[in-house]
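Notes follow once the structure below has been shown.
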Amino acid sequence: MPGKVTVDDIPASIGKEVGVSDWRTVTQEMINQFADATDDHQWIHVDEKRASETPFGGTIAHGFLTLSLLSTLAYEALPELEGTTMGINYGFDKVRLMSPVKTGAKVRAHFVLSDAEIRPSGRIVFHYAVTLEIENVKKPALTADWITIAMVPPKAS
């Protein structure tokens, strides 16, 4: 994980790219485990022979698997906020699945801090514009407006 930031550093980061993850290979094993966990065994994800006959040339990751990778990629890419006692995934305002992620492809996430609400209660609401890039593919796998919450001790008044 990249360095640390303080609450006072946040306003200067709004509108800027604040993190880029490492490349992560999406394997058939990951796809199969996701299929088992979600009971989504649609053949385009798990039947390598049948999927090889499609325009994709093989299996592709579930869209929700691709989206779920953002959690771990955020841990790799985003700086740690000093004093955080808890972090919460608050959800998404918008998600677009733009390109399929073929098995064996490498992906990485770019995080732009589009807004942050620093509340006196110690709750900080972060809004990230996220792009999940596929190595050597022009169109991203997905774009998303992601909201997370960090809890820090309230400032003494």
How big is the range 1-70 along each principal axis, measuring the range of its Cα positions in Å and listing the largest first?
53, 25, 17
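Please state, as a whole number in µm²/s, the translational diffusion coefficient that the Stokes-Einstein equation yields for the range 100-157 at 10 °C and 1.306 mPa s, with Rh defined as the Kirkwood radius across alpha carbon pairs.
Values: Rh = 13.3 Å.
Rounded to a whole number, D works out at 119 µm²/s.
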Sum -39500 (n - 2.57) across every DSSP H segment of at least 4 residues in the chain, then divide by the residue count to get the 222 nm mean residue ellipticity, nearest 500.
-6500 deg cm²/dmol
Using the number of other C-beta atoms within 10 angstrom as an exposure proxy, rank VAL130, VAL95, VAL18 with the fewest first.
VAL95, VAL18, VAL130
To test your reading of the geometry: what angle, between 0 and 90 degrees and rounded to tens, separates the Cα axis of helix 63-77 from the longest principal axis of the chain?
40
Counting other beta carbons within 10 Å of each residue's own, what order do HIS45, HIS127 fall into, fewest first?
HIS127, HIS45
Descending Cα extents along the principal axes, the range 76-120, whole Å:
44, 22, 17
Compute the label zone of THR72 within the range 125-157: residues whose backbone N is under 17 Å from the point 7 Å along Cα-to-Cβ.
132-135
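Kindly provide the GluC sites (Glu not before Pro) of the range 62-157 that DSSP labels as loop, not H, G, I, E or B, and whose Cβ sees at most 14 other Cβ atoms within 10 Å. Show your work: numbers first, answer last.
Numbers: sites: GLU76, GLU80, GLU82, GLU117, GLU133, GLU135; in loops: GLU82, GLU135.
In loop regions of the range 62-157 (DSSP not H, G, I, E or B), the sparsely surrounded GluC sites (Glu not before Pro) are GLU82, GLU135.
Given +1 on the Cβ of Lys and Arg, -1 on the Cβ of Asp and Glu, and no further charges, what dipole in debye does the chain carry about its Cα centre, rounded to the nearest 20? All intermediate terms of the calculation are to be shown ahead of the outcome.
Numbers: 15 positive and 20 negative charges, 59 e Å.
It works out to roughly 280 debye.
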Name the trypsin sites (Lys or Arg not before Pro) in the range 49-157 that are in a loop by DSSP and that have at most 11 other C-beta atoms within 10 Å, would you?
LYS138, LYS155
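What number in nm² do you get for the range 48-130 if you take the convex hull of its Cα atoms and divide its surface by four?
Numbers: hull surface 27.1 nm².
Answer in nm², one decimal: 6.8.
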Alpha carbon centre of the range 92-157 versus the range 22-51: separation in Å?
23
Run the reach check for LYS49 against aspartates and glutamates, Cα to Cα strictly under 18 Å, same-chain hits fewer than 8 apart removed. What comes back?
GLU29, ASP40
Nitroxide proxy distance, nm - points 7 Å out along Cα→Cβ at ARG123 and LYS16
2.7
Per the Debye formula with a single identical scatterer at each Cα and no solvent contribution, what log10 I(q)/I(0) holds for the chain at q = 0.15 Å⁻¹?
-0.80
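Only the coordinates and a few stated rules stand behind these numbers; no lab work does. Computed from a predicted model, the values in this text were never measured in an experiment. So basically every Cβ, Gly included, is an ideal-geometry build from the backbone, and we count neighbours across all protein chains shown.
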